[in-house]
Structure formats: C-alpha cells, structure tokens
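Visitor: Just passing along the structure, written as structure tokens.
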Amino acid sequence: MSGDRQRVGRIVRALTVELGDRSYPIKLGVDILAGAGKAIARCAPSDRAFVVTVPPVSRRYGGVLLRSLRSAGYRVHRVLVPDGEATKNPRQLSKLWDELIDFGADRSTPVVALGGGVVGDLAGFAAASYLRGVPFIQIPTTILAMVDASIGGKVAVNLPQGKNLAGAFYQPRLVWIDTATLRSLPARQRSAGFAEVIKAAAIWDSKFFERLERDAEGLMELDPKLLIPTLERACAIKAEVVSRDEREADLRQILNFGHTIAHAIERLGRYRGLLHGEAVAIGMLVAAQKSEQLGLSPAGTAERIRSLCLRFGLPSELPNHPRSAYLDALRVDKKMAKSKIQFVALRGIGRAETVPLTPREVLPAIGRRAGSRGALGTRTEGVSKRG
C-alpha cells in the first residue's frame with residue numbers, strides 16, 4: 001500500500017484483551033490503516049495526537065495515518081526515532097518527554113506507536129510515564145509486534161546492564177493491525193516475527209504448532225488465507241494469557257519461553273546484529289534442549305522446534321561469546337529471584353511451565369565450536385549438542 005494513496009479495507013477479525021475496565025480491542029484487517037483515526041478518536045478523544053515512528057515506516061505509512069488522524073479532528077505531531085533495538089534507551093525516552101511538552105500534550109493526548117516492537121516499547125513507556133499516564137495506541141507494522149509486543153502492556157527501555165530493565169505495565173486503548181503493512185517487510189524481519197508465533201504455539205497449542213509445520217512456506221509468502229488466521233490465533237493466545245495474569249505473577253511467565261537466553265544474546269551483542277526474533281529462536285532451542293535434559297519434555301521436542309525454525313529461516317546457533325559472559329548476562333535477568341531464574345521449560349509441544357534454575361544450570365556448558373560459522377549458521381553444536 002503506497003503512502004500516497006488512502007485505501008480503506010475491512011476488519012476481518014476482532015479480539016478483546018479482557019482486563020475489566022482496562023479491557024481493549026485488537027482489530028485485524030487488510031488495508032485498514034486509513035480507518036485508524038476514527039477508531040482512535042472513539043477510544044481516546046482529544047484535539048491532538050502524538051505519533052512515534054521510525055523513518056522507513058514513516059515514509060511508507062506515515063502519510064496515510066496522519067491524514068486519517070487529521071480527518072478525525074486531531075492536530076498531529078510526528079516524532080521520528082532511529083530504527084533498531086539500541087533506540088530503546090533513557091536518552092530517547094527523555095527526548096520524547098521533551099517533544100510531548102513542546103507539543104502541549106495533556107492527559108487526553110493519545111500517544112500512537114506506528115512501527116515494530118521497539119517503537120511500541122519506547123512510545124508506550126513515554127505514554128505510561130508522561131503526566132503519570134496518557135492514552136496509548138498500538139499500530140504494529142511487523143509480525144513480531146502484531147502477535148507479541150503490541151499486546152499485553154509491557155513497555156520498557158534497555159539499560160547498559162540488560163534488556164527492558166526499566167519499564168512498566170501499561171495497557172494500550174487499542175491495537176490496530178493492518179496486515180497490508182507486512183507487504184514491505186524485509187524477509188529477515190518476516191522470519192524474526194514468526195519466531196514469536198512459533199513460541200505461542202510451543203507453549204500453548206499443539207494443534208496450532210502442527211498448522212505451522214504444515215503451512216510454514218505459505219506463511220513466509222504471506223498467503224492471506226493462511227496469514228490472517230495464524231496472526232489471529234497467536235494474538236488470541238497472548239490475549240488469553242495476559243487476561244489471566246496481567247502482571248506476570250505466575251502464568252504469564254510462560255510467554256518468556258526462549259527469552260532468557262535471547263536477552264543474554266542481545267545484551268552481549270549490544271543490541272546489534274541479531275534481531276530479537278532471531279535471538280528468541282536460538283533461546284527456544286536452548287530451552288527445549290534443557291527441557292529434555294531435565295526429563296520434562298519427550299525426546300524429539302527440541303528437534304521439532306529446530307526444524308520449524310529453520311523452515312522459517314531462523315538461526316540455530318549460539319553466538320560465540322565466552323561462557324562467563326553469558327553467565328554474567330543471565331545474572332541480571334528480570335526473572336531472577338533468590339539467585340535463580342524462573343526458566344520456562346516445555347512439558348511437550350503446547351505445554352509450558354517455569355522451573356527455578358541457577359544461571360549455571362541454565363547454561364552448563366558451551367562448546368568452543370558454538371557459533372564458529374556465525375550466529376546465522378544452521379549447525380546446532382552450540383545448542384542441541386552442547387546444551
């Protein structure tokens with residue numbers, strides 16, 4: 001969809017995250033971005049709107065969204081932030097606060113995140129903290145953000161010591177998903193997003209996992225007959241888990257499957273190189289192997305996950321950092337309590353639970369050859385053979 005044309009499609013799926021008086025809808029459709037303004041006006045009436053996005057997304061879709069907001073009666077201020085995980089930092093957050101003040105934003109002004117998970121996390125934390133909270137709208141434009149980052153209200157920035165160490169639980173008023181924005185998504189970003197879809201199936205729904213095994217190639221081609229129901233199911237899983245446990249007291253922890261190792265990988269790579277979904281794919285393989293080693297998961301579980309990840313073009317090797325560096329990164333994991341990590345393990349495809357493990361138990365050994373051909377290789381010495 002060109003940013004110069006304003007096409008209005010139709011909503012084909014609708015879900016609700018049930019959180020009492022803070023419940024909110026998730027709307028999925030094709031070519032519905034031009035209708036976002038009216039939908040936002042219904043849930044966040046105001047005379048102005050504050051849009052946060054990144055340059056590539058702004059060039060393609062910013063014009064459509066801004067016109068939609070203006071036609072709904074908003075005066076709009078757009079802020080561009082740099083693309084990439086490194087953008088999620090306190091300095092960029094402070095810049096957003098300054099821009100909000102200069103714009104004259106008040107407690108009714110919606111902050112609208114147009115982009116991927118980085119934009120959603122950063123803009124969401126700004127919305128949560130400015131004037132102790134202003135309306136927040138998620139318009140995700142990547143698969144990863146559509147099925148994971150935009151749902152559930154986790155917003156945060158990274159600190160030098162680790163990922164998402166400063167943040168809040170702050171629910172959006174609306175999640176508006178236009179799958180037409182995926183047409184311009186690079187193949188690598190597409191693959192990375194499907195890691196979170198695989199995760200949702202692995203922890204919650206074995207039949208859904210079987211569908212992914214059947215439809216992987218068609219999904220990578222964004223076949224609409226496959227894509228919409230797949231995104232809907234992944235969103236529904238996230239919504240159900242969040243509705244049962246909003247603040248990660250218990251059940252919601254299973255959504256971190258693969259993320260313990262993933263966050264360590266990202267921190268050691270200084271949030272450059274591997275994409276978040278790529279790191280999650282590697283983390284899932286480590287977690288699945290650990291599940292088998294603990295006797296929780298039947299043999300072959302990790303191989304099914306590895307095989308599916310490879311079909312979606314995802315990596316399977318740990319990057320080649322020293323074991324001591326991984327252990328140091330694991331020790332600042334947000335899920336650490338009493339010197340142990342609430343590590344998410346599988347009881348099999350479709351069933352997950354948390355197991356308290358020390359960092360050394362999570363990652364008992366890394367072979368010298370792990371990642372020797374680079375993090376994007378397909379050998380698995382660093383995961384399935386060395387644990």
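Visitor: Take region 21-33 and flag every residue that is part of a helix (DSSP H, G or I) and in contact with a Leu (Cβ under 8 Å, 6 or more places away or on another chain).
Guide: Across region 21-33, the qualifying residue is only L33.
Visitor: Looking only at region 327-344, which residues are buried (at least 22 other Cβ atoms within 10 Å of the Cβ) and either modelled with pLDDT of 95 or more or outside any loop (DSSP other than H, G, I, E, B) (or both)?
Guide: Listed by number, the residues that qualify are A329, L330, I341, F343, V344.
Visitor: Specify which of the listed residues (G37, G120, G84) is of a type outside the set (F, W, Y) and modelled with pLDDT under 95.
Guide: Within the list G37, G120, G84, the selection yields G84.
Visitor: Out of (1) within 27 Å of R13 (Cα to Cα); (2) basic (K, R); (3) not in a helix (DSSP H, G or I), what's the single condition that is false for R270?
Guide: All conditions pass for R270, except number (1).
Visitor: Going by what's in this entry, would G153 be described as surrounded by fewer than 24 Cβ atoms within 10 Å (Cβ to Cβ) and under 12 Å from the mean Cα position of the chain (by Cα)?
Guide: Against the criterion (surrounded by fewer than 24 Cβ atoms within 10 Å (Cβ to Cβ) and under 12 Å from the mean Cα position of the chain (by Cα)), G153 qualifies.
Visitor: Filter region 206-225 for residues that are hydrophobic (A, V, I, L, M, F, W, C) and in contact with a Leu (Cβ under 7 Å, 6 or more places away or on another chain); which is surrounded by the most Cβ atoms within 10 Å (Cβ to Cβ)?
Guide: Among those residues, the one meeting the criterion is L212.
Visitor: Identify, please: which residue in region 248-258 is surrounded by fewer than 24 Cβ atoms within 10 Å (Cβ to Cβ) and touching a helix residue (DSSP H, G or I) at 6+ places or on another chain (Cβ under 7 Å) and is, among those, farthest from V157 (Cα to Cα)?
Guide: L251
Visitor: Right, here's the next one. Based on what the data block shows, is D47 out of contact with any Gly (no Cβ under 9 Å at 6 or more places or on another chain), acidic (D, E), more than 25 Å from I11 (Cβ to Cβ) and not assigned by TED's automatic domain parsing to the domain that holds H276?
Guide: no
Visitor: Restricting attention to region 203-226, does a residue exist that is under 27 Å from R267 (Cβ atoms), touching a Phe, Trp or Tyr at 6+ places or on another chain (Cβ under 8 Å) and either in a loop (DSSP other than H, G, I, E, B) or not assigned by TED's automatic domain parsing to the domain that holds V17 (or both)?
Guide: Yes, region 203-226 contains at least one residue that is under 27 Å from R267 (Cβ atoms), touching a Phe, Trp or Tyr at 6+ places or on another chain (Cβ under 8 Å) and either in a loop (DSSP other than H, G, I, E, B) or not assigned by TED's automatic domain parsing to the domain that holds V17 (or both).
Visitor: Give just the number: which of (1) assigned to a helix (DSSP H, G or I); (2) without any contact (Cβ under 8 Å) to a residue 40 or more places away in the chain does E232 not satisfy?
Guide: Evaluating E232 over (1) assigned to a helix (DSSP H, G or I); (2) without any contact (Cβ under 8 Å) to a residue 40 or more places away in the chain leaves (2) as the failure.
Visitor: When S206 is evaluated against the numbered criteria (1) of a type in the set (S, T, N, Q); (2) more than 23 Å from T301 (Cα to Cα); (3) over 16 Å from the mean Cα position of the chain (by Cα), which criterion, by number, is the only one it fails?
Guide: All conditions pass for S206, except number (2).
Visitor: How many residues does region 77-114 hold that are among the hydrophobic types (A, V, I, L, M, F, W, C) and surrounded by fewer than 18 Cβ atoms within 10 Å (Cβ to Cβ)?
Guide: Selection size over region 77-114: 5.
Visitor: Taking region 237-274 on its own, how many of its residues are within 16 Å of N320 (Cα to Cα) and of a type outside the set (D, E)?
Guide: Looking only at that region, the number is 13.
Visitor: Testing I228 on (1) among the β-branched types (V, I, T); (2) surrounded by 19 or more Cβ atoms within 10 Å (Cβ to Cβ); (3) closer than 28 Å to R22 by Cβ, one condition comes back false. Which one is that?
Guide: (2)
Visitor: Search region 281-296 for residues that are outside any helix (DSSP H, G or I) and pair each with any residue that is not acidic (D, E) when their beta-carbon atoms are under 6 Å apart and the residues are at least 6 apart or on different chains.
Guide: Between residues of region 281-296 that are outside any helix (DSSP H, G or I) and residues that are not acidic (D, E), the close pairs are L296/A345; L296/R347.
Visitor: Considering only residues of region 117-134 that are without any contact (Cβ under 8 Å) to a residue 60 or more places away in the chain and not aliphatic (A, V, I, L, M), which is surrounded by the most Cβ atoms within 10 Å (Cβ to Cβ)?
Guide: Of everything passing the filter in region 117-134, G120 is surrounded by the most Cβ atoms within 10 Å (Cβ to Cβ).
Visitor: Taking A180, is it outside the structural domain of A337 (by TED's automatic domain parsing), assigned to a helix (DSSP H, G or I) and at negative phi?
Guide: So A180 passes the test.
Visitor: Inside region 87-111, can you point out the residues that are assigned to a helix (DSSP H, G or I) and among the β-branched types (V, I, T)?
Guide: Matches in region 87-111: T87, I101.
Visitor: Scan region 290-326 residue by residue and report those that are crowded, with 19+ Cβ neighbours inside 10 Å, farther than 26 Å from P160 by Cβ and among the hydroxyl-bearing types (S, T, Y).
Guide: Selection gives S291, S297, T301, S316.
Visitor: Inside region 55-86, can you point out the residues that are assigned to a helix (DSSP H, G or I), touching a helix residue (DSSP H, G or I) at 6+ places or on another chain (Cβ under 7 Å) and hydrophobic (A, V, I, L, M, F, W, C)?
Guide: V64, L65, L69
Visitor: Which of the residues spanning region 40-71 are farther than 23 Å from T87 by Cα and touching a Leu at 6+ places or on another chain (Cβ under 6 Å)?
Guide: Across region 40-71, the qualifying residues are C43, V64.
The values are calculated or read from the model by the stated rules, or taken from the named source; none is laboratory data. Fair warning: this is a prediction, and the values are worked out from it, not measured in the lab. Cβ coordinates were reconstructed from backbone atoms using ideal geometry, including for glycine residues, and neighbour counts include every protein chain displayed.
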